[in-house]
1. Among R385, R435, R397, R427, which is charged (D, E, K, R) and farther than 27 Å from S47 by Cβ?
2. Do we have L68 as in a loop (DSSP other than H, G, I, E, B), in contact with a strand residue (DSSP E or B) (Cβ under 8 Å, 6 or more places away or on another chain) and aliphatic (A, V, I, L, M) here?
3. Given the conditions (1) open to solvent by less than 40 Å² (accessible area, probe 1.4 Å); (2) assigned to a helix (DSSP H, G or I), report the number of the one that K98 does not fulfil.
4. Residue by residue through the stretch 270-285, note down the ones that are open to solvent by less than 30 Å² (accessible area, probe 1.4 Å) and either among the polar types (S, T, N, Q) or at pLDDT 95 or above (or both).
5. Could you run through the stretch 241-289 and say how many residues are part of a helix (DSSP H, G or I), without any contact (Cβ under 8 Å) to a residue 40 or more places away in the chain and over 27 Å from I305 (Cβ atoms)?
6. Condition first: farther than 18 Å from P12 by Cα, in a helix (DSSP H, G or I) and without any contact (Cβ under 8 Å) to a residue 12 or more places away in the chain. Can you find one or more residues in the stretch 380-390 that meet it?
7. Quick test for you: out of A44, A84, pick the one residue that is in contact with a strand residue (DSSP E or B) (Cβ under 7 Å, 6 or more places away or on another chain), within 21 Å of V131 (Cα to Cα) and buried (at least 17 other Cβ atoms within 10 Å of the Cβ).
8. For the subset of the stretch 134-168 comprising residues that are part of a loop (DSSP other than H, G, I, E, B) and in contact with a Pro (Cβ under 9 Å, 6 or more places away or on another chain), which member is least open to solvent (accessible area, probe 1.4 Å)?
Amino acid sequence: MKYQAKLPQDFPKNFLWGASTSAFQVEGAANEDGKGTTVADLRAQKSKYLDTSVSVDHYHHVDEDVKLMAELGLKSYRFSISWARIFPHGNDKKPNLKGVEFYNHLIDSLVENNIEPIVTIFHFDLPQSLVKQYGGWASRKCINDYYHYAKTLFQLYGDRVNYWLTINEQSLLANVPSMNGITDIDADTLHQKGEQSNYNMFVAQAKVYNLCHQILPNAKIGPAVSYMTTLPYDHTSIDALKSKQLEDMIGFIDMDVALRGKLPNYYLRYLQDNKIELDIEEKDQAIFKDGKADFLGLNWYSTSIFKLNEQSNPKMLTGVISGVEKISDERIMNSEWDFSYDPQGLRYALQKVNDRFPNIPIIITECGWPEKEKLENGEIHDQKRIKYLNGHIYQLREAIKDGINIISFNPWSFIDLLSVNDGMDKRYGLIYVDRDNFNAKQLHRYKKDSYYFYQKVIQTNAKNVKKCE
Ligand code: BG6
């Protein structure tokens, strides 16, 4: 018998070419129409230059922005709902009608323009009141409040939203507890609370996967995971082991729990080594087993290289594994923001995910290039971003030819927005917004060169993308 292999050769016709944002990074109107304060608002107020009160004012420019999406030709738009716009205190008896209406309008406008909404339920903006009431995610009470909030969203918008993302970059929230409003405590307590929050978020998500399957049987739900390619600096097993441990602890942990329904052994070992005891309940095991994701949302930006350094022993983030440091390596071009340009890193990362979870549908929920930019004659010639998009889309097609089930690409970001730490200095958008950190100006929108490049990508199903190794 003769056998001819038949793997896909290109992006499928129904591929969801999209773009991505999150609520507090674009909406503004932080105190309008009944919205409650979030931990992101407070963090911004402390910084003095992260302006969530106006941001890029998507709240008041929503019609203009959706028009720009339609003209771009988007097939999907990934955005988040602000929990505190729906429930100002996080767990109010009734939802805030003005908030409900804003998202109804946005979702209706997207659907009218044949743009598939991909909705993140929670993206870095916990209602501050929940921190005040019981410490936020560090308390198991938050599991029920998140569940109730997610249920409300399913009931309100489930008739039009087919793709749901539970929590954005949980591993980051676990390793930087201040992002969840957990502050002013000593390092060990912070560590303990960070991991308890992590666990509570795992339980909450498992419950919500299950709930979604019950009440919206046609919808799909998954996590939006922070994932980067990690490479060892030296050809030594110890560097390889350390970079693998980082990859597990930052990227795979959220995927493993979402798809395998239990805490992985490398995480149990980590908890044990750090003498962290979790508050768990017997019923949790069954919750994990019954609540699994349908797809993976991957936030992938770049590759990082790691080297053994016995002296390095921080408790958080890159220090989730002690004794390792990140190296800036000239073999992969670094941007001003310490990002690497490594499109093959994306293909390699996707292969690893597919090896671990064969044929799992993948949505690229973020992927983007940051720049400092200045408007000149109403134009932005963002050639590096075009190069970045071209390279990564080329390698995405290669990954599809490898047989990997990628269904959507949503670069970060649709429009310029507030970078988490660098505000308007660090821009990712396909559209320029004329404002800076301290002056909101008129907030006029200008299409960058990358907007036109990506428009062509969508029109031609990426036929304009050039070969890129
Ligand atoms: C991801 C987040 O971590 O990276 C986004 O999901 C964030 O919210 C993006 O904006 C880029 O990071 P930064 O720090 O440049 O805003």
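The values are calculated or read from the model by the stated rules, or taken from the named source; none is laboratory data. Predicted model, so just to flag it, every value in this text is computed and none were measured. Note that each Cβ is placed from the backbone with ideal geometry, even for glycine, and that neighbours are counted across all protein chains shown. Surface accessibility is based on the protein's heavy atoms, side chains included, excluding ligands, DNA and RNA. Shrake-Rupley method; radii C 1.70, N 1.55, O 1.52, S 1.80 Å.
1. R397
2. No: the conditions fail for L68.
3. (1)
4. Once the filter is applied, which keeps residues that are open to solvent by less than 30 Å² (accessible area, probe 1.4 Å) and either among the polar types (S, T, N, Q) or at pLDDT 95 or above (or both), the stretch 270-285 yields only D284.
5. Qualifying residue count, the stretch 241-289: 6.
6. Within the stretch 380-390, none of the residues are farther than 18 Å from P12 by Cα, in a helix (DSSP H, G or I) and without any contact (Cβ under 8 Å) to a residue 12 or more places away in the chain.
7. Residue meeting the stated conditions: A84.
8. Filtering first and then ranking leaves V161.
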